[in-house]
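Below is one structure, written out as structure tokens, with a few remarks after it.
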Amino acid sequence: MTDTPSLQTLIDAIEQADSPERLIAAVQALAAARLEDGIPTLIKALGYNNPGAAMVAVRGLVQMGEVAVLPLLNLMDDYNYGARAYAIRALAAIADPRALDVLLVTAETDFAPSVRRAATKGLGLLRWFQLPSDQVAIAQDKVLKSLFTIAQDEDWSLRYSAIVGLQALASAAQSLHSTITARLQQIVDTETDLAVRSRALWAIATLGDQSNPGDPLRVPCSSTTAS
């Protein structure tokens, strides 16, 4: 039976990799081991000039889940934009509300649309049950305001992402359901981009009939009037 490689062996393989392919394989091996003490090395791999290795590290961090959140927040490299972008993607996918403030700032101000999109979608998908009950409404209100703002962005892909986030937020927060549905209807009535408008229609249908979320045709006829 083959012995499981030690953490140091796995780290050494990453540091000694002499080709892009070997680096990816070494990062994959560390990610697959799911060792908490290996998280800092996976975060370091986000900054390597190797997108393949970075994406493997992101997947590994997401699989590690909550235990990776604080290291990601504490070790995020603000001077290496690529590394920070990958860290944001990991935090958005993990959906831990401890990343709320970072995701808010990124979604609203980051200069890369792809990173803003990841953060925007992540805001709506946060696991609110992990927050103390007296903080949930405050946090959700922050997200609501942010997503409403992003839903007016000049970039159609960000508006689209905001709708995804709003739908998820409405599903999680019944107190915001009617407010979000009304805003989505406004988007349907005024949006000129077909993809964005269609996504808003689908969100309205889903929120209006949770028992049949996959049927975008269950929308009142008045909602489909061309804007």
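Tabulated results
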{"item": "Heavy-atom accessible area ranking, 1.4 Å probe, most first, across Asp96, Asp155", "result": "Asp155, Asp96"}
{"item": "Centre separation in Å (Cα based) which lies between segment 138-169 and segment 66-82", "result": "24 Å"}
{"item": "Solvent-accessible area per residue, Å², over the chain with all protein chains present [probe radius 1.4 Å]", "result": "51 Å²"}
{"item": "Principal axis dimensions, largest first and in whole angstrom, of segment 64-159 by Cα", "result": "35, 31, 18"}
{"item": "Karplus 3J(HN,Hα) series, Hz, for segment 91-98 with 6.51 cos²θ - 1.76 cosθ + 1.60 (x for Gly, Pro)", "result": "4, 4, 6, 5, 6, 7, x, 5"}
{"item": "Local electrostatic count, Ser161, Cβ distance below 11 Å [Lys/Arg +1, Asp/Glu -1]", "result": "+3"}
{"item": "Solvent accessible area, Å² - Asp78, 1.4 Å probe, full protein context", "result": "110 Å²"}
{"item": "Met64 accessible area, 1.4 Å probe, all protein chains in place, Å² to nearest 10", "result": "30 Å²"}
{"item": "Derived scalar couplings ³J(HN,Hα) [segment 50-61; Karplus, 6.51 cos²θ - 1.76 cosθ + 1.60; whole Hz; x for Gly, Pro]", "result": "8, x, x, 5, 4, 5, 4, 5, 4, 4, x, 5"}
{"item": "With all protein chains modelled, accessible area of Thr179 [1.4 Å, Å²]", "result": "60 Å²"}
{"item": "Correct option for Rg and Dmax of the Cα atoms in Å [calculated from the coordinates] among (1) 21.3, 67; (2) 20.1, 67; (3) 20.8, 62", "result": "(2)"}
{"item": "Two-decimal Rg to Rh for segment 1-103 - Kirkwood Rh, Cα set", "result": "0.97"}
{"item": "Heavy-atom accessible surface of the chain: percent carbon and sulfur, 1.4 Å", "result": "54 percent"}
{"item": "Normalised contact order of segment 88-131, rounded percent, pairs of Cα under 8 Å and 6 or more residues apart", "result": "50 percent"}
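The values are calculated or read from the model by the stated rules, or taken from the named source; none is laboratory data. As the structure is a prediction and not an experimental result, all values here were calculated from the model. In this analysis, Cβ positions are derived from the backbone assuming ideal geometry, glycine residues included, and neighbour counts consider all displayed protein chains. Remember, those area values only see protein heavy atoms, side chains included, never the ligands or the DNA or RNA. Shrake-Rupley method; radii C 1.70, N 1.55, O 1.52, S 1.80 Å.
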